[in-house]
Structure formats: structure tokens, C-alpha cells
Amino acid sequence: MDIEKVNSMDFGEFVDVFGNVIERCPLIAAAVWSQRPFSNLEDLEKHFFAFIDALPQSGQEGILRCHPDLAGRELQRGTLTAESQR
């Protein structure tokens, strides 16, 4: 995706496109939108990670609660997908 297109998206379009980057957490995309403009796609990714890293532990745990298998059965069995292990 072209970074100029990303930077020109209005709030609703940005959340529609990126609202599931962190599955079931469109609020994160809503917060990241306010950090525009992004210099490139890596910069956009950096903002998503920085937002999550800046959350208090309870906020990070809340994200995990949306994904019980990431911290439960699949993790214990070693059957998480590569995407879920990043």
C-alpha cells in the first residue's frame, strides 16, 4: 500500500483498513491515526508497536484477553501460527 494513500485517509477509512491489525482492537488503529503522517510503512508499524508497548500492563493483558488461545491452550501445545508468535 502506498504511504501517501495511508496518510491521506480520513479517520473512518483508516480504522476500516487498519482496525484489525491488532485483531479485535480497532481502538488501537484509531489512536495510531492521530500520529500521521507516517514516513513509510515501517514507520506505521512502529507506531502500532509503540502504542501497545506504552500501555500499562493491564491494557496489554486486555489485548491478550481478546485472544485467549495466545496465552492458553495453543501456546502450551506449541501450535501457535508464525503470525501469532511475532
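Here are the numbers for this structure:
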{"item": "Estimated FRET transfer efficiency (Lys5, Arg77; beta-carbon r; R0 41 Å; 0.05)", "result": "0.55"}
{"item": "Per residue value of the accessible surface for segment 3-77 (all protein chains in place, 1.4 Å probe), Å²", "result": "65"}
{"item": "Dipole axis of segment 3-77 (+1 Lys, Arg; -1 Asp, Glu on Cβ), positive-most option in Gly59, Val32, Val15", "result": "Gly59"}
{"item": "Sorted peptide list for 14-27, 31-44, 53-66, criterion being average Cβ within 10 angstrom, highest first", "result": "14-27, 31-44, 53-66"}
{"item": "Label-to-label distance, nm, for residues given as Asp16 and Ala50 (7 Å Cα→Cβ offset)", "result": "2.7"}
{"item": "Spherically averaged projected area in nm², based on the convex hull that wraps the Cα atoms of segment 3-77", "result": "5.4"}
{"item": "Heavy-atom accessible surface of segment 3-77: percent carbon and sulfur, 1.4 Å", "result": "55"}
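The values are calculated or read from the model by the stated rules, or taken from the named source; none is laboratory data. Bear in mind the structure is a predicted one, so any value in this text is a computation, not a measurement. Reconstructed Cβ throughout: ideal geometry from the backbone, glycine too, with neighbour counts over all protein chains shown. The protein model used for the area step is the full one, side chains on, heavy atoms only, and it has no ligands, DNA or RNA in it. Shrake-Rupley method; radii C 1.70, N 1.55, O 1.52, S 1.80 Å.
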